[in-house]
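A.B. asks: Structure below; questions to follow.
The values are calculated or read from the model by the stated rules, or taken from the named source; none is laboratory data. Note that the structure is a prediction, hence the values are computed from the model and not measured. In this analysis, Cβ positions are derived from the backbone assuming ideal geometry, glycine residues included, and neighbour counts consider all displayed protein chains. These accessible areas exclude ligands, DNA and RNA; they are computed on the full protein's heavy atoms, side chains included. Shrake-Rupley method; radii C 1.70, N 1.55, O 1.52, S 1.80 Å.
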Amino acid sequence: MAVLTRKVKGAEDILPRDSYKWQFVEDIMRKEAECHGYKEIRTPVFEHTVLFNRSVGETTDVVQKEMYTFDTKGGESITLRPEGTAGAARAYLEHALYNDGLPVKVYYMLTCYRYEKAQAGRQREFHQFGMEAYGSADARADAEMICAASSIFERLGLKEKIKLEINSIGCPTCRKKYSDALKTYFGEHKESLCDTCLSRLDRNPMRILDCKSEICKGIAQNAPTVLDYICEDCAAHFEQVKGYLDCAGIEYTVNPTIVRGLDYYTRTVFEFVTDCIGAQGTVCGGGRYDGLIEELGGQPTPSLGFAMGLERLLMVLRANGTELPGEPVCDIYIAALGDAANKKAFTLIQELRSASFRADGDLVGRGLRAQMKYANKIGAKYSVVIGDDDLSANKAMLKNMESGEQTEMPLDGGFLEKFISLYVENEQKRMIAES
Ligand code: ATP
Ligand code: MG
């Protein structure tokens, strides 16, 4: 296929026939975030590269291998965002959002870019929905955020398909001890580790637990467990988080191997995972990042967040056979033939649209039969045909495309009013029939 009509590898089109599914899911996410007191933040697609180096972490896969980084003509290093947390934290500091009163709660819906090996559930351009809260160290904030994510899955009917796993990776103090224990343990298995993990051994041994290679995974199975190393405060916090999740009736399992791929996490980390979409089974990941805001130059500000991948979530919905409602249809199609009839139809269509109906008419010069065929194809609920005779009589027949019922409509004023009352009456009948 010619390059002109071929998309770039790892990027996907969302076609008109599918976009309603995205809108449906996005709508649920927005509503859920807003129910929890979060407001939307929109940040730029690109940021200064150093922001990601600093916040995501120099030793992470994202920074080492996956970023789309380039120099501008002015010689600045810019990176397409690989995730949403860094940009939101930067904006929080740049615009002093802490003056709005803590905690500051934001959510986002954005495209991210990572240079990864493209495969099912792993793209180079993908979409994330995320929530972030700044300025609360309280375990209720952790639980609230987990509840919000969980509730999104529940609203989509995926409670049984997507399971919550939680862990605590402690604070920098207790993590130091754990890091040392891991160095000793993995040091004894040096000859079997993959090259990437060998380089992780000194700099960031916890990352080895996140390795996707089967051999490293096998070795990691018997590695020391972080929960045996966390300090009293971190352990107490973790107990509180679990307690609040119990209050909310959220089921979880504690999985001590969850460490998350990004460097900024502290204490609570969690993932929502599924086994119904293949190897890329993590739909949502998040946790606390109590040190990040300070790392970026702000006051110490305990914070937390999560991000979920929309592609993976839609894959779960597909695997589950979930039918999503809301494919847009056409309320009324007005077919017309001839100059005068076209003008009448055009006027009526504009009037209907001003009243927020999804109204449509011919734009390509089809004959009447072909126009009606098209009206059927787009799923119009009603149709009207305006020919010369109808024009001179100032009347036309409105057809209910589902029932076949016909109603005479005036063309010299009063069309809209009559259509509204018919439409409302039929919607009511339909709702009663459905209930
Ligand atoms: P993974 O272990 O799958 O590489 P990650 O730890 O890199 O995930 P995060 O940075 O935590 O993922 O991103 C949060 C969510 O964003 C993931 O759980 C996933 O749903 C989605 N995601 C991450 N990378 C991709 C990608 N390349 N393509 C599609 N979705 C992605
Ligand atoms: Mg990744």
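A.B. asks: Going through Arg312, Arg267, Arg260, Arg288 one at a time, which residue ends up being surrounded by 19 or more Cβ atoms within 10 Å (Cβ to Cβ), modelled with pLDDT of 95 or more and on the phi > 0 side of the Ramachandran plot?
C.D. replies: After ruling out the rest, the residue left standing is Arg267.
A.B. asks: I would also like to ask the following. Looking at Tyr38, Tyr20, Tyr92, which one is crowded, with 20+ Cβ neighbours inside 10 Å, under 29 Å from Arg155 (Cα atoms) and away from ligand 2 (no atom under 16 Å from the Cβ)?
C.D. replies: One residue alone meets the criteria, Tyr38.
A.B. asks: Let me ask another. Limited to segment 380-411, what total is found for residues that are modelled with pLDDT under 95 and in contact with a Cys (Cβ under 9 Å, 6 or more places away or on another chain)?
C.D. replies: 0
A.B. asks: Search segment 41-62 for residues that are in contact (Cβ under 8 Å) with a residue 60 or more places away in the chain and within 16 Å of ligand 1 (Cβ to nearest atom) and pair each with any residue that is assigned to a loop (DSSP other than H, G, I, E, B) and among the polar types (S, T, N, Q) when their beta-carbon atoms are under 6 Å apart and the residues are at least 6 apart or on different chains.
C.D. replies: That search, which allows pairs on different chains as well, returns Thr59/Asn204.
A.B. asks: Quick one: Ala88 ticks every box in (1) more than 28 Å from Thr225 (Cα to Cα); (2) in contact with a Leu (Cβ under 6 Å, 6 or more places away or on another chain); (3) of a type in the set (A, V, I, L, M) except a single one, so which number is it?
C.D. replies: (2)
A.B. asks: Okay, moving on. Residues Pro44, Pro82: which one is under 18 Å from Ala307 (Cα atoms) and either away from ligand 2 (no atom under 16 Å from the Cβ) or open to solvent by 60 Å² or more (accessible area, probe 1.4 Å) (or both)?
C.D. replies: Going through Pro44, Pro82 in turn, just one is under 18 Å from Ala307 (Cα atoms) and either away from ligand 2 (no atom under 16 Å from the Cβ) or open to solvent by 60 Å² or more (accessible area, probe 1.4 Å) (or both): Pro44.
A.B. asks: Restricting segment 228-253 to residues that are touching a helix residue (DSSP H, G or I) at 6+ places or on another chain (Cβ under 7 Å), hydroxyl-bearing (Ser, Thr, Tyr) and within 22 Å of Ala149 (Cβ to Cβ), which is most open to solvent (accessible area, probe 1.4 Å)?
C.D. replies: The selected residue is Tyr244.
A.B. asks: Taking Arg140 as the residue in question, decide whether it is open to solvent by 30 Å² or more (accessible area, probe 1.4 Å) and within 15 Å of ligand 2 (Cβ to nearest atom).
C.D. replies: No.
A.B. asks: Hey, among the residues in segment 120-148 that are more than 9 Å from ligand 1 (Cβ to nearest atom) and out of contact with any Leu (no Cβ under 8 Å at 6 or more places or on another chain), which one's farthest from Ala89 (Cα to Cα)?
C.D. replies: Ala120
A.B. asks: Being within 16 Å of ligand 1 (Cβ to nearest atom), in the same structural domain as Arg288 (by TED's automatic domain parsing) and either of a type outside the set (Lys, Arg) or not in a loop (DSSP other than H, G, I, E, B) (or both) is true for just one of Leu93, Leu110. Which residue is that?
C.D. replies: Only one candidate qualifies: Leu110.
A.B. asks: Same structure again: Of all residues being assigned to a helix (DSSP H, G or I) and open to solvent by 20 Å² or more (accessible area, probe 1.4 Å) in segment 52-79, which is modelled with the lowest pLDDT? Just the residue, please.
C.D. replies: Asp61
A.B. asks: For residues that are among the small types (Gly, Ala, Ser) and assigned to a loop (DSSP other than H, G, I, E, B), scanning just segment 318-346, find the one that is farthest from Arg358 (Cα to Cα).
C.D. replies: If we take residues in segment 318-346 being among the small types (Gly, Ala, Ser) and assigned to a loop (DSSP other than H, G, I, E, B), then Gly321 is farthest from Arg358 (Cα to Cα).
A.B. asks: Next question. Has segment 279-295 got at least one residue that is farther than 17 Å from Ala141 by Cα, in a loop (DSSP other than H, G, I, E, B), more than 14 Å from ligand 1 (Cβ to nearest atom) and out of contact with any Phe, Trp or Tyr (no Cβ under 7 Å at 6 or more places or on another chain)?
C.D. replies: no
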